[in-house]
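A short reminder: the numbers here are calculations on the coordinates, not readings from a lab. As the structure is a prediction and not an experimental result, all values here were calculated from the model. Note that we place each Cβ from the backbone using ideal geometry, even for glycine, and neighbour counts take in every protein chain shown.
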Ligand SMILES: Nc1ncnc2c1ncn2[C@@H]1O[C@H](COP(=O)(O)OP(=O)(O)OP(=O)(O)O)[C@@H](O)[C@H]1O
Ligand SMILES: [Mg+2]
């Protein structure tokens, strides 16, 4: 559990500015969705929190800890940020069974074998995959693979969980179930979540706060109710229509 603070974060790729001046405080234990059209900078923002992309300006904090401050060449490595990430493509390792996929982050951080066993089994129960420890990913459904990725993101008990369009490869029915599951797990753990989507139903049903983005700028941030009842401008109104 942790706050996340973007303080005038900017990001350029060479001469091209993709994030302008992004300021946002995410509260401890909150579920925040980044909603916006393709190319608006959602993934870039998420990857900066994970430490997989470097901001070019501004400051980024996880809790009290400054994790990026390019003006002072400060940069905390991804593995020291206590952040879990779930990617759109699942990114489960095809050559590892369910247990080993989920155990991987713990093996990397040299957790003892007996603790790994306990923690993997307990998180597999949470995502309702217990009993499937030995299965290889090619013998799992899309939804089950997605839950392996979710368990892997949660097993190291991250302070912040980042999810990048985690449901877009699933069919409508499974998406609906996973929406409920993710929200339940997030509340059970009290974990701070940043959830990237361009699906407004997802954003509206899951979030405490929705941040609407366009072309690297925050257009509006507010509760689903606020966004729905008081869209700030034409763009927001059109986007959520
Ligand atoms: N490595 C890169 N080099 C140059 N430009 C990049 C790079 N990565 C992303 N961009 C550009 O940055 C902008 C934001 O990309 P980003 O991936 O954050 O968008 P997104 O909101 O996640 O879009 P989508 O919904 O399609 O996933 C896009 O215009 C993209 O072309
Ligand atoms: Mg993206």
So for R0 = 35 Å, FRET eff. of residue 241-residue 115 from the Cβ-Cβ r, to 0.05, ends up at 0.10
Per GNM of the chain with C-alpha springs under 10 angstrom, the most fluctuating residue out of 31, 22, 189 is 189
With -39,500 (n - 2.57) per DSSP H segment of 4 or more residues and division by the full residue count of the chain, the 222 nm estimate, nearest 500 deg cm²/dmol, is -10500 deg cm²/dmol
I need the calculated FRET efficiency for the pair residue 72 and residue 205, taking r as the beta carbon distance and R₀ as 51 Å, to the nearest 0.05. 0.80
Which translational diffusion coefficient, to the nearest whole µm²/s, is obtained for region 71-189 from the Stokes-Einstein equation, given a Kirkwood hydrodynamic radius over C-alpha pairs, 4 °C and 1.567 mPa s? 88 µm²/s
Full-extension gain between residue 168 and residue 87, please, as 0.36 nm times their residue separation minus the C-alpha to C-alpha distance. 28.1 nm
Taking springs between alpha-carbon atoms closer than 10 angstrom, which of 120, 111, 196 fluctuates most in the Gaussian network model of the chain? 111
Counting DSSP beta bridges in region 4-239, what percent are antiparallel, to the nearest 5? 55 percent
Two-decimal Rg/Rh across region 48-105, once Rg and the Kirkwood Rh are taken from alpha-carbon atoms: 1.10
Based only on other Cβ atoms within 10 Å, what is the fewest-to-most ordering of 13, 195? 13, 195
Region 4-239 - percent relative contact order, Cα under 8 Å, separation 6 or more: 28 percent
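If eta is 1.306 mPa s and T is 10 °C, what Stokes-Einstein diffusion coefficient results for the chain, Kirkwood Rh from Cα pairs, in µm²/s?
Rounded to a whole number, D works out at 86 µm²/s.
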Sorted largest first, extent of region 85-127 alpha carbons per principal axis (Å): 30, 22, 19
Any idea what the relative contact order of region 1-113 is, in percent, if you count C-alpha pairs under 8 Å spaced at least 6 apart? 23 percent
On a C-alpha basis, how far is the centre of region 162-241 from the centre of region 57-79 in Å? Whole number, if you could? 26 Å
Using only alpha carbon positions, build the gyration tensor of region 133-238, then give the equivalent ellipsoid semi-axes as the square roots of 5 times its eigenvalues, largest first, whole angstrom. 29, 15, 12
A convex hull over the alpha carbons of region 7-140 yields, per residue, a volume in Å³ of 158 Å³
Which distance in nm do the two modelled labels at residue 125 and residue 188 give, with both placed 7 Å along the Cα-to-Cβ direction? 0.9 nm
